[in-house]
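Have a look at the structure below, then the notes.
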Amino acid sequence: MKKNISLCFVFSIFSLIFLFNCREDQRYEPLRFEKITKAEASAFQAQVDGTILEGSWEYRFRIKQADRVSLIIEVLTDKPDLGVSLSRKGILFDSKIKCGEKISQLSPCKLEINNPEKGDYSLVLNHQSSDPSEVLSYRIFAAVHGPGYASVIWEEEVARR
């Protein structure tokens, strides 16, 4: 009896891991940060201007180290049909922050994390318009800054502070 319960438990764990790894592939590219030096402080910043016609688009980056810094991401759009979420990949579960319902040029999506944890981050933009032919333009500004220390990488490129 105990052997059957143990086998069921192990099978359940493998099933959960399999389900979490069988996600729909999204189109993506790295969010490339540049080191910006200012008086008595330095920061990493990234800016992207783009458009999305349908589906979703993902920007990825990794925080290798972070101490006494903040991660700020701001997204502007020309139409309110853009969904924005930021997630940090976990072993079994991701932590996710979403923007409010309607974002625009007058009310941008602003996500801020004080003392972000190290890990793989993903900024996902979703086309949520009822008109599939509608093109949504957006602008992303991202920064990791503060008096502390951070190390940010994206794919093969490395930037250190």
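Taking R0 as 22 Å, what's the FRET efficiency between residue 153 and residue 51 from their Cβ-Cβ distance, rounded to 0.05?
Numbers: r = 27 Å, r/R0 = 1.21.
The computed FRET efficiency comes out at 0.25.
With a 1.4 Å probe and all protein chains in place, put 91, 97 in order of accessible area, largest first. Can you show the working numbers first?
Details: 91 170, 97 65 Å².
Largest accessible area first, the list is 91, 97.
Per residue, what volume in Å³ does the Cα convex hull of region 39-88 take up?
Details: hull volume 6.1 nm³, N = 50.
Roughly 123 Å³ of hull volume per residue.
Convert each backbone phi in region 111-128 into a coupling constant with the Karplus relation 6.51 cos²θ - 1.76 cosθ + 1.60 (shift: θ = phi - 60°), then list the ³J(HN,Hα) values in order as whole Hz, x for Gly and Pro.
Each residue of region 111-128 in turn: 10, 9, 10, 7, 6, x, 6, 6, x, 8, 10, 9, 9, 10, 10, 10, 7, 10 Hz.
Please compute, over every Cα-Cα pair in region 53-117, the percentage with a separation greater than 18 angstrom. Kindly include the intermediate steps, with their values, before the conclusion.
Numbers: 916 of 2080 pairs.
For region 53-117, the share of Cα pairs beyond 18 Å comes to 44 percent.
Please compute the per residue accessible area over region 67-161 with all protein chains in place, 1.4 Å probe, rounded to a whole number of Å².
On the way: 5250 Å² over 95 residues.
For region 67-161, the per-residue accessible area is 55 Å².
Points 7 angstrom from Cα along the Cβ direction at residue 131 and residue 34: gap in nanometres?
3.5
When the Kirkwood radius is taken over all Cα pairs of region 31-161, what Stokes-Einstein diffusion coefficient follows at 37 °C and 0.692 mPa s, in µm²/s?
Rounded to a whole number, D works out at 215 µm²/s.
Would you tell me the accessible area of residue 87, worked out with a 1.4 angstrom probe on the heavy atoms of the protein chains, in Å² to the nearest 10?
It works out to around 10 Å².
Can you give me the long-range amide H partners of residue 104? Hydrogens built in the peptide plane at 1.01 Å from N, cutoff under 5 Å, separation of 5 or more residues or another chain.
Those lying under 5 Å, H to H, from residue 104 are 77, 109.
The values are calculated or read from the model by the stated rules, or taken from the named source; none is laboratory data. Because the structure is predicted, anything quoted here is derived from the model rather than measured. Because the Cβ atoms are built from the backbone with ideal geometry, glycine has one as well, and the counts that use them run over all protein chains shown. Accessible surface is based on the protein model in full, side chains and every heavy atom, while ligands, DNA and RNA are left aside. Shrake-Rupley method; radii C 1.70, N 1.55, O 1.52, S 1.80 Å.
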